[in-house]
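Worksheet for the structure shown next.
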Amino acid sequence: MKRLLLTGFICLSFLQISFGQAYQPSPENLAARQWFQDARYGLFIHWGVYSILGDGEWAMNIQNIPVSAYEKLPKFFNPTAYDAKRWVQIAKNAGMKYITLTSKHHDGFAMWHSNVSPYNIVDATPYKKDVLKQLADECEKEGIKLFLYHSHLDWHHPDYFPRGKTGRQTGRPESGDFEKYLQYMDAQLTELLSGRYGKIAGIWFDGWWDQALDEHEKQARKTHVDWHLRRTYDLIHRLQPAALIGNNHHVTPFEGEDFQMFERDLPGQNTFGYNTSSVSQLPLETCETLNGSWGFDLRDQRYKSPEQIVRYLVGAAGRNANLLLNVGPMPNGEIQPEFVERLEAVGNWLKTHGETIYGTRGGIIPPQEWGVSTKKGDTRHFLHVLKKPATNVLFVPNFMPKVSSVTAFEGKKPLKFKQQSEGLFVYLDGVAMSDWDTIIEVQTK
Ligand code: FHN
């Protein structure tokens, strides 16, 4: 028996050494996850020296600009109309609870005053001011949480090697010390999380996907280099235990991540081709653009309407996910009026309907042909009817908790209902149907 116990102990120790300690989120981190889910709506901001070119954030790759030429760009970046106060006001008026700013995109340019490299907003531009610091201070003042988008992928750094499928025409050396690059990345993250920018709500990684992996390798989460993700994640959690880590790697979350994100698709959908991973139990977020681009694109007129955005936000909430909606500010620092107007219109809708979105979780029934549901606590349920049913009866299958009342959210008109073993039938007579979202509130015992 003694020998058996000893063998078991040795095996367990071996497993721990082999696979490392299982990630145990701190109490602050768990509380932050709750806050994050309650928040439901955030502003994504893609802004960098690429904005000057008005050709999106991938301009360096799309236009095959070598590093030596791209390095001239910061000299023209002088966002004199940048007003952090205004940005935060825009987010607040939109009903958003957090902002996620690109601290570094794939072009490798730091949007804060970095001591690790002079390739940053203060040392390399005529503007000479730390845009991140201004935003962080304003967010703090206004109670808006700040996340940082940080690209693993770096088209500028000579040690980012082996390369992936993108940024191949940048004229970088045909070799590199990846470990050196990772040390550089961790040193920059340390700067961002060491207090100068206050509390950072989370780090939003991107670019891991840019590896020459086939679909099978990708799904098995195999990589050709060691990313030391866990080392980086542990560093972040050590510096700021509440910071939520998400990674837009397009595969099932890795140990140490605190939320899972989807890009341009609602969880469970894959119209864009990226979202083949399963939906985890972590808090969820989906990101989408307000027009068709992330970074400023001068030609892009594909603005989504407030109605489309509201329906997307509702679709996300009904799938238990946040919406992170993107704008790409202009090179002068202004967020263009086409974005502001639309954000404000959604903000106005949220003033009267936000109760059915903020602080909710995905409802007890999965998405239906007619729409989705959200719930607040265990007894308040909101049916979001996004598509008018063919008849005046709304059928909610397998709705089991005992219903005490059903009302139209707008106008609070009580509605007739019938609850049977197959589900709940709600009679929509007299309900003013909206093209945006018709909400029915169901109270259960
Ligand atoms: O390549 C990036 C892209 O520029 C943008 O940042 C989006 C946002 O989700 N993520 C990457 C593509 O997956």
message: With the requirement that a residue be touching a Leu at 6+ places or on another chain (Cβ under 8 Å), crowded, with 16+ Cβ neighbours inside 10 Å and assigned to a strand (DSSP E or B), what does region 419-437 give you?
response: PHE425, VAL426
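Residues to consider are ILE245, ILE236; find the one that is under 23 Å from ASP107 (Cα atoms), within 16 Å of the ligand (Cβ to nearest atom), surrounded by 14 or more Cβ atoms within 10 Å (Cβ to Cβ) and under 20 Å from the mean Cα position of the chain (by Cα). Lay out the reasoning, then the answer.
Values: ILE236 fails: within 16 Å of the ligand (Cβ to nearest atom).
Among ILE245, ILE236, only ILE245 is under 23 Å from ASP107 (Cα atoms), within 16 Å of the ligand (Cβ to nearest atom), surrounded by 14 or more Cβ atoms within 10 Å (Cβ to Cβ) and under 20 Å from the mean Cα position of the chain (by Cα).
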- request: Filter region 132-146 for residues that are out of contact with any Cys (no Cβ under 7 Å at 6 or more places or on another chain) and within 18 Å of THR190 (Cα to Cα) and give the result.
  value: LEU132, LYS133, ALA136
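Given the criteria closer than 18 Å to MET111 by Cα and over 23 Å from the mean Cα position of the chain (by Cα), does TYR160 qualify? Even if it seems obvious, please write down each step before you answer.
On the way: closer than 18 Å to MET111 by Cα: no; over 23 Å from the mean Cα position of the chain (by Cα): yes.
No.
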task: Find all pairs meeting these conditions: Cβ atoms under 7 angstrom apart; at least six residues apart or on different chains; first residue within region 254-278 and under 18 Å from VAL314 (Cα atoms); second residue more than 10 Å from the ligand (Cβ to nearest atom) and open to solvent by 40 Å² or more (accessible area, probe 1.4 Å).
output: ASP265/THR271; LEU266/ARG319; PRO267/VAL279; PRO267/ARG319; GLY268/VAL279; GLY268/ARG319; ASN270/THR276
- prompt: Hey, any hits in region 312-319 for a residue that's among the aromatic types (Phe, Trp, Tyr) and either part of a loop (DSSP other than H, G, I, E, B) or within 14 Å of the ligand (Cβ to nearest atom) (or both)?
  reply: no
Residue in region 177-199 that is nearest to the ligand (Cβ to nearest atom), counting only those that are touching a residue at least 60 places away in the same chain (Cβ under 8 Å) and in contact with a Leu (Cβ under 7 Å, 6 or more places away or on another chain): LEU192
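Given the criteria open to solvent by 10 Å² or more (accessible area, probe 1.4 Å), on the phi > 0 side of the Ramachandran plot and more than 16 Å from the ligand (Cβ to nearest atom), does GLY256 qualify?
no
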message: Looking at LYS104, LYS85, can you tell me which residue is closer than 30 Å to GLU344 by Cα, surrounded by fewer than 21 Cβ atoms within 10 Å (Cβ to Cβ) and touching a residue at least 12 places away in the same chain (Cβ under 8 Å)?
response: LYS85
- prompt: Residue check, SER277 against (1) within 14 Å of the ligand (Cβ to nearest atom); (2) more than 21 Å from GLU217 (Cβ to Cβ), all met but one. Which one?
  reply: (2)
task: For region 111-129, name all the residues that are more than 21 Å from LEU244 (Cβ to Cβ) and within 16 Å of the ligand (Cβ to nearest atom).
output: none
task: Please tell me if GLU215 is modelled with pLDDT under 95 and among the acidic types (Asp, Glu).
output: yes
- request: Confirm whether THR170 is over 22 Å from ASN322 (Cβ atoms), within 16 Å of the ligand (Cβ to nearest atom), touching a residue at least 40 places away in the same chain (Cβ under 8 Å) and within 23 Å of the chain's Cα centre (by Cα).
  value: no
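Which one is surrounded by the most Cβ atoms within 10 Å (Cβ to Cβ), of the residues in region 201-219 that are of a type in the set (A, V, I, L, M) and either without any contact (Cβ under 8 Å) to a residue 60 or more places away in the chain or assigned to a strand (DSSP E or B) (or both)?
Among those residues, the one meeting the criterion is ILE203.
The values are calculated or read from the model by the stated rules, or taken from the named source; none is laboratory data. Note that the structure is predicted; figures quoted are calculated from it, not measured. So basically every Cβ, Gly included, is an ideal-geometry build from the backbone, and we count neighbours across all protein chains shown. We work out accessible area using only protein heavy atoms, side chains counted, and drop any ligands, DNA or RNA first. Shrake-Rupley method; radii C 1.70, N 1.55, O 1.52, S 1.80 Å.
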